[in-house]
1. So in the stretch 27-43, with the set limited to residues that are surrounded by 13 or more Cβ atoms within 10 Å (Cβ to Cβ) and touching a Lys or Arg at 6+ places or on another chain (Cβ under 9 Å), which one is modelled with the lowest pLDDT?
2. Among the residues of the stretch 179-211, which ones are of a type in the set (A, V, I, L, M) and assigned to a loop (DSSP other than H, G, I, E, B)?
3. Under 24 Å from the mean Cα position of the chain (by Cα), among the basic types (Lys, Arg) and either at pLDDT below 95 or open to solvent by 70 Å² or more (accessible area, probe 1.4 Å) (or both): does that describe Arg263?
4. Select, from Phe222, Phe238, the only residue that is more than 21 Å from Glu260 (Cα to Cα) and within 16 Å of the chain's Cα centre (by Cα).
5. In the stretch 99-114, how many are more than 14 Å from Leu66 (Cβ to Cβ) and either open to solvent by less than 10 Å² (accessible area, probe 1.4 Å) or polar (S, T, N, Q) (or both)?
6. Out of Gly214, Gly197, Gly189, report the one residue that is free of Cβ contacts under 8 Å to residues at least 40 places away in the same chain and either among the hydroxyl-bearing types (Ser, Thr, Tyr) or open to solvent by less than 70 Å² (accessible area, probe 1.4 Å) (or both).
7. For the list (1) among the aliphatic types (A, V, I, L, M); (2) open to solvent by 40 Å² or more (accessible area, probe 1.4 Å); (3) more than 16 Å from the chain's Cα centre (by Cα), I need the number of the one condition that Ile156 fails.
Amino acid sequence: MPLKLLYITNDPRIAKIAEDNGVDRIMVDMEYIGKDQRQGGLDSVKNHHTETDILTIREAVKKAQLVVRVNPIHEAGEEYGSSEEEINGAIRCGADVLMLPYFKTATEVKHFLACVNGRCRTILLLETKEAVEALDDILTIPGVEEIHIGLNDLSISYGRNFLFELLTDGTVERICWRIRKAGIPYGFGGIASLGRGDVPAEMIIREHYRLGSGGAILSRSFCNVNKIDNLEAAEEIFFRGVREIRTLERECAAYRDYFEENRRELRTAVEKVVSRIKARYND
């Protein structure tokens, strides 16, 4: 089965372009609590979308699923309501799927699912070492429908220098097999356009197929709307980029015997990036 591709945006024009060119899921990203603190030194995407953005994207998107990433489980604070209030608001505004990020315990997952109460689909964003350690308990919780392995925060949690080290050191593979054994769909990480990225996107997509992944996020480097001048440019990026991914996927489905060679090449590419990062630290 082709990967379910997800793109994050609160711009209805970009959402419509992505949908029209075969992107399966559009995400409105409401997560911000604690994210600056744990990712402050990284050049990662930090959004702070709102319920108004959900309503706007809901109006624009007709075929793709509307995914909303809420905040980690939290109590009400001076600047925000409780998790239950946030979840209720996202569902009220039209979310098809809710994603829970940065959980560490089975108790948090149970609370999230209880708040959702079957009103929409759910995805657990597995991105902490503690959640990996609790995974066997989490996989037995009724109502767990899908898991996405988030490599940015998970690599931080494991003390890695580069997110794709988790692919080459076997961490992601071990997690995937545990989830697969439970019969739950899963995906991991993000992908750039083919031919782009610190590690070529082609290598990452082949790993998705080797590991039985069902979904990936189209990263900022796939289409960085802050660096394009007009909608026609965005249309061309999505038209070309999604089709190139789908073509490579057909190759993956037909020629599975090349995965081990790709695995070796991926390890070499990741090691080169890690070496550059360590060299900068030592300068």
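The values are calculated or read from the model by the stated rules, or taken from the named source; none is laboratory data. The structure presented is a predicted model; accordingly, all values stated were derived computationally and were not measured. Positions of Cβ are backbone-derived with ideal geometry, glycine not excepted, and every protein chain shown enters the neighbour counts. For the accessible areas, the whole protein counts, side chains as well, though only heavy atoms, and no ligand, DNA or RNA atoms are used. Shrake-Rupley method; radii C 1.70, N 1.55, O 1.52, S 1.80 Å.
1. The selected residue is Gln39.
2. Residues satisfying the conditions are Ala182, Ile184, Ala192, Leu194, Val199, Leu211.
3. yes
4. Exactly one residue qualifies, and that residue is Phe222.
5. Adding up the residues that qualify gives 7.
6. Details: Gly214 fails: free of Cβ contacts under 8 Å to residues at least 40 places away in the same chain; Gly189 fails: free of Cβ contacts under 8 Å to residues at least 40 places away in the same chain.
Only one candidate qualifies: Gly197.
7. In the conditions (1) among the aliphatic types (A, V, I, L, M); (2) open to solvent by 40 Å² or more (accessible area, probe 1.4 Å); (3) more than 16 Å from the chain's Cα centre (by Cα), Ile156 misses (3) alone.
Yes/no per residue for (1) closer than 24 Å to Leu211 by Cβ; (2) surrounded by 19 or more Cβ atoms within 10 Å (Cβ to Cβ):
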{"residue": "Cys93", "(1), (2)": "no, yes"}
{"residue": "Val97", "(1), (2)": "yes, yes"}
{"residue": "Leu125", "(1), (2)": "yes, yes"}
{"residue": "Glu130", "(1), (2)": "yes, no"}
